Amino acid sequence: MKRRTFAQIAALALATGLTALPAAAQDTLKVGAVAPKTGPLAGGAAVSYWPNVKLWVETVNARGGLNVDGTQRMLEVIEYDDQTNPGETIKAVQRLVEQDEADIILPPYSTGLNLASAPIYHRYGIPMITSTATTDKAEELSQQFPNVFISLGGAVAVAQGAVDVLTGLRDRGDIGNKVALVNVADAFGIELVNVAKPAFEEAGFELVYETSYPLGSQDLSPVMKGAKAAEPDAFVAFSYPADTFALTEQAQIEDLQVGAFYTAVGTAFPSYAGRFGDSVEGVLGVGGVNADDEAFQSYAARHEEVTDAEPDYWASAMVYSTFEVLEQSIEEVGLDNAAIIEHIKANAFDTVIGTLDFDENNNNPSFWTVGQWQDGVFKGVASTGREGAVDVVVKGPWQ
C-alpha cells in the first residue's frame, strides 16, 4: 500500500461547532474532524462525512478502543465546522494540531477543501487519506505532498465512465447523439467537465448545450430551460448535492424527457430517492457500490443503527473505509505519522468496500465511476476494477 500527505495550503478561521468529550489523559486519543456543517457543502457532508465519523468512533470504542503499542485507547472527537471555506479548514487543522493537540486528524470533505488544505497537512506531516476528493492530480500531489492519498478516483476515469455508459446506450439504440453538458464552477465540476467535453466529442456526441453555474446557486431554472430548448437526447451535470436536487426538480418542471439523465454528487443519497420517488428509476450518477455485497450490507445496517440514517451508495462507504485504513495502520505501527504513511504505501487493507490499496502515486486504482437507480437502489454500473456491476437501463419518463 501507499501513503502520503495531502495537507498544507490553508490557514484561516476556526470553524464553528466544536465538540469535545472529557479526556481520560493517556487512555484517550483525540480525533480531530473538520468539514462543513454550514455553507453550500453542509448537506453533502451531513450525509457522507459526519455520520461516518460517528460510526467509526463508536465502533472502535465499543470494542475497547484502538490498540496502540499494546494499550487500548478510547477515542474522543473534536469537531470543527469549516463553513465550506478553505481558509476555515486550514485554521481548524492548525488549531487541532497546535491548541487541541489532537492525536489523529481526519481529512476534510470535498475535492476543493482537500486540495486547499493539503499543504497544511503536509506541513505537519499528517497522513491524509482523502475519501471525498476526485482529482487527476494524484501524481503531482504525491510528489509535492507524499502524505496525501486519493481514494475516490480521478476525473478522467469518472468522466470517461459517463461517456462510455452513454455510448453503450447510444449504440444499443436507446438514446440519440445530442448531449446537454453542465457543471458547478468549482474544482470538482471544472476538472470533470474539462475532461468530459473532449471525451464526448471524441466519442462522436454532439454537445448541443453547455454552461456552468457558481457553487451555491439558488436558481437553476435558467440552466434547465436552456437545456430543454436544445432538445438533447441525454443530460449530464457534474454537480454537488444541492444543485443535483435542484436540477432534477427543474428537469421535471420543464418536462425534460431524455433517455439518459446524469447528475453527480448527491444522486446516490437515499434522500434523493426519498425526494423524487419513482422518478429516480434509471437516473445515472457518479460513483456507486456493489449493493449486493455482504460487507456493504453489514456496514449499511450498522450505519443506520448507530446514526439513525442510511449511508449513501457511493462516498459513505469510502469515507468509512479510509478510517479503517488509518485504524489498521495505527494498530500496526503506532501513532508515528511517518511510519503510518509508509505503512499505508506498502500494504493493502481489508475494508467495507473490499481491498483498498494505493499505487506508486498514492492513488486508489479501483473505484466506481457510474451508478444508476434501479428498483429503489443505486447500483454500480461502471468501475475501474470493482466487482458487482449491473447492466445499464434506459431512463423512462418522469413519474
Exercise. How do the strands (runs of 3 or more DSSP E) wholly within segment 326-399 filter down when requiring 3 or more residues that are surrounded by 19 or more Cβ atoms within 10 Å (Cβ to Cβ) and out of contact with any Phe, Trp or Tyr (no Cβ under 7 Å at 6 or more places or on another chain): which remain?
Worked result: 368-374, 377-383
Seminar exercise, completed: Considering segment 252-283, residues that are polar (S, T, N, Q) and part of a loop (DSSP other than H, G, I, E, B), and then whichever is surrounded by the most Cβ atoms within 10 Å (Cβ to Cβ), we arrive at THR267
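To keep it simple, each residue is scored yes or no on (1) in contact (Cβ under 8 Å) with a residue 60 or more places away in the chain; (2) closer than 26 Å to GLU304 by Cα; (3) among the aromatic types (Phe, Trp, Tyr).
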residue	(1), (2), (3)
LYS54	yes, yes, no
GLY70	no, no, no
GLU101	yes, no, no
ALA116	yes, no, no
TYR121	yes, no, yes
LYS137	no, no, no
Exercise. Has segment 212-233 got at least one residue that is at pLDDT 95 or above, within 21 Å of THR135 (Cα to Cα), surrounded by 15 or more Cβ atoms within 10 Å (Cβ to Cβ) and over 20 Å from the mean Cα position of the chain (by Cα)?
Worked result: yes
For this session: Filter segment 113-136 for residues that are surrounded by fewer than 22 Cβ atoms within 10 Å (Cβ to Cβ) and over 19 Å from GLY189 (Cβ atoms) and give the result.
Result: PRO119, ARG123, TYR124, GLY125
For this session: Could you tell me which residue of segment 16-38 is modelled with the highest pLDDT, considering only residues that are surrounded by fewer than 18 Cβ atoms within 10 Å (Cβ to Cβ) and within 18 Å of ASP82 (Cβ to Cβ)?
Result: THR38
Exercise. For segment 201-225, how many residues meet the condition of being assigned to a helix (DSSP H, G or I) and out of contact with any strand residue (DSSP E or B) (no Cβ under 6 Å at 6 or more places or on another chain)?
Worked result: 6
Exercise. Scanning segment 79-101 for residues that are buried (at least 22 other Cβ atoms within 10 Å of the Cβ) and aliphatic (A, V, I, L, M), which turns out farthest from ALA35 (Cα to Cα)?
Worked result: LEU96
For this session: Name the single residue, out of those in segment 137-154 being closer than 17 Å to ALA116 by Cβ and at pLDDT below 90, that is most open to solvent (accessible area, probe 1.4 Å).
Result: LYS137
Problem set entry | Test result for PHE349, over 17 Å from the mean Cα position of the chain (by Cα) and modelled with pLDDT of 95 or more | yes
For this session: Go through segment 176-192 and give me each residue that's open to solvent by 20 Å² or more (accessible area, probe 1.4 Å), closer than 19 Å to ALA264 by Cβ and not acidic (Asp, Glu).
Result: ALA185, ALA187, ILE190
Exercise. Residues in segment 373-380: is at least one of a type in the set (Gly, Ala, Ser) and free of Cβ contacts under 8 Å to residues at least 60 places away in the same chain?
Worked result: no
Seminar exercise, completed: In the set SER48, SER110, the lone residue that is open to solvent by less than 10 Å² (accessible area, probe 1.4 Å) and at positive phi is SER110
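The values are calculated or read from the model by the stated rules, or taken from the named source; none is laboratory data. None of these values were measured; they are calculated from a predicted model. So basically every Cβ, Gly included, is an ideal-geometry build from the backbone, and we count neighbours across all protein chains shown. We work out accessible area using only protein heavy atoms, side chains counted, and drop any ligands, DNA or RNA first. Shrake-Rupley method; radii C 1.70, N 1.55, O 1.52, S 1.80 Å.
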